[in-house]
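Contents: one structure, followed by commentary.
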Amino acid sequence: MKKLFLAALSGETTARPPIWLMRQAGRYLPEYQAVRAEAGSFLELCRRPDLSAEVTMQPIRRFGMDAAILFADILLIPYALGQELDYREGEGPVLARIGDTRDLAQLKVGGAAARLAPVSETVRKVAAMLPPDCALIGFAGAPWTVATYMIEGGNPGDAARTKRWAFSDPEGFQRLIGILVNTTGDYLAAQIAAGAEAIQLFESHAGLLSGPEFHRWCVEPIRQIIARLKGDFPDVPVIVFPRGAGPHYEGFAKAVAADCIGIDTLIASDWAAVRLQKDCAIQGNLDPQLVVVGGKPMLETAGKLIADLAGGPHVFNLGHGVVPPTPPEHVGALVDFVKSWRRDKRG
Ligand code: CP3
C-alpha cells in the first residue's frame, strides 16, 4: 500500500492527514544536542553521513511522524560552491559575501557535486533505516533564498544588497540564479537517485519580492528546477514552501507545477481550502509558538486546521520550523492527536 504521506501528495483525500514538522530534527531534542556536541560543529555534523542519518531518525523514533526529512541545510550549496560558511552560536550562519557579477568567477561550479556527495550518502543510510510506512523527504533551498544568504553573508534581513544587485544588473544576477538552478537540480536529482521519495524546496524569503521580480526570481527558477526533476523522475512529488508570498500564493502551485504547496502562519486555512487546494495538496500551517504553548490552545487550533482542509489533500505541518524552546512532549501530543483523527469520527 502507498505510504500515507505519498498518497496525500498524489492528490488523495486521506482518512487522516499525514504529519511531519519542518525542523523536526534539531535543538529542541536533547538527543540532537548530544550528537551535535559529538560532531563538534553544525557543518561537521552535516558532513558526517552516519551522524546526519542518526539525527534524521531521532524524531521518527521518538514520535513516529509519517515522513522523515533528510538532515542537512540549505546553505550546503553555497558551501559546495566554495563560499566559506560558519554557524555561530546566537548569530546564525555567516558566509563570506559575494558582491557582484565579477565575484561569480570565484564560485567552484564544477566541484559542487563532490562536496555534496556526503548528503546522498546520508539519504542512502536513512532509506535503509526507515520504518516501512515512513517516507523520506529530500530538500534544498530555492535559488532566490539561497542567493540572499550568499550576498548578504548571513540572515538576509531586508536583502538590500541582493535587491540592489538584481535591480541594477539583472543579467549578472540572472547568472548567479542560473548557477543555483543547475547546481540545485543536480543535487536534488542525486538525492532522489539515493532514495528520497519526495522533495521540498524552501523559498523562505519569497516575501521579499513582488510583481515581476517575484515572477522572475522566485517562480521561474523554481519552475525550471521542477521541470528538470519531473523529466527524470515524473513520479517523485515536489512540495514548495514560498514563505511570505501572501497574495502570490494564489496560482503559485500551477505556475511552478508543484504537487503540494506549504502555507506559512499568515495564510488562513479556510482561505487556502477554497483558493489553493483545488490546484494541489496543502501542507501546513500550525503556528510553531502554539507547540511551545501546548495543551488545549495547540490541540484546538490543530483540530480546526484539519477540519478546514479536510475536503482535499492535506499534509499536517507547522507554518514554519519547530523552535528551540519547544517541549518535546508537546510535539508528541500533537503527533498523537493528528494520528488519531479520523474523517468518519468528525462532528
Ligand atoms: O529537521 C529538519 O527540518 C531538517 C534539517 C534542516 C535544517 N535546516 C537543519 C538546521 C532544514 C530542512 C533546514 C532548512 C533551512 N536552513 C532553511 C529553510 C527553512 C527555514 O527555516 O526557513 C533556512 C533558511 C536555513 C538556513 C539556516 N540554517 C539558518 C538561518 C540557521 C540558523 C538559525 C537556526 O534556526 O538555528 C541554520 C542552522 C540549522 N539548520 C540548525 C539546524 C538543526 C541549527 C544548528 C545548530 O545545531 O546550532
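Annotations
- Among the candidates 213, 220, 203, residue that is crowded, with 21+ Cβ neighbours inside 10 Å, of a type in the set (D, E, K, R) and closer than 26 Å to residue 285 by Cβ: 203
- Positions within region 217-233 being under 13 Å from residue 143 (Cβ atoms) and free of Cβ contacts under 8 Å to residues at least 24 places away in the same chain, in sequence order: 220
- Residue check for residue 240: among the aliphatic types (A, V, I, L, M) and touching a residue at least 12 places away in the same chain (Cβ under 8 Å): yes
- Only one of 50, 66 that is under 20 Å from residue 343 (Cβ atoms) and away from the ligand (no atom under 12 Å from the Cβ): 66
- Verdict on residue 79 being of a type in the set (Phe, Trp, Tyr), at pLDDT 95 or above and closer than 28 Å to residue 287 by Cβ: no
This table checks each residue for (1) more than 22 Å from residue 271 (Cβ to Cβ); (2) within 19 Å of the chain's Cα centre (by Cα); (3) at pLDDT below 95.
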{"site": "295", "(1), (2), (3)": "yes, no, no"}
{"site": "298", "(1), (2), (3)": "no, no, no"}
{"site": "303", "(1), (2), (3)": "no, no, no"}
{"site": "318", "(1), (2), (3)": "no, yes, no"}
{"site": "323", "(1), (2), (3)": "yes, yes, no"}
{"site": "338", "(1), (2), (3)": "no, no, no"}
{"site": "341", "(1), (2), (3)": "no, no, no"}
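- Identity of the residue in region 94-113, farther than 18 Å from residue 160 by Cβ and not small (Gly, Ala, Ser), that ends up surrounded by the fewest Cβ atoms within 10 Å (Cβ to Cβ): 102
- Top-ranked residue in region 21-43 [being under 19 Å from the mean Cα position of the chain (by Cα) and near the ligand (Cβ under 6 Å from one of its atoms); ranked as farthest from residue 63 (Cα to Cα)]: 42
- Helices (runs of 4 or more DSSP H) (entirely within region 136-196) containing at least 3 residues that are closer than 30 Å to residue 60 by Cα and modelled with pLDDT of 95 or more: 143-152, 170-194
- Meets criteria (in contact (Cβ under 8 Å) with a residue 24 or more places away in the chain, small (Gly, Ala, Ser), closer than 17 Å to residue 97 by Cα and surrounded by fewer than 23 Cβ atoms within 10 Å (Cβ to Cβ)) for residue 185: no
- Residues in region 232-245 that are within 16 Å of the ligand (Cβ to nearest atom), in a loop (DSSP other than H, G, I, E, B) and of a type outside the set (A, V, I, L, M) were compared, and the one that is surrounded by the fewest Cβ atoms within 10 Å (Cβ to Cβ) is 244.
The values are calculated or read from the model by the stated rules, or taken from the named source; none is laboratory data. Computed from a predicted model, the values in this text were never measured in an experiment. Every residue, glycine as well, gets a Cβ built from its backbone with ideal geometry; the counts of neighbours run over all protein chains shown.
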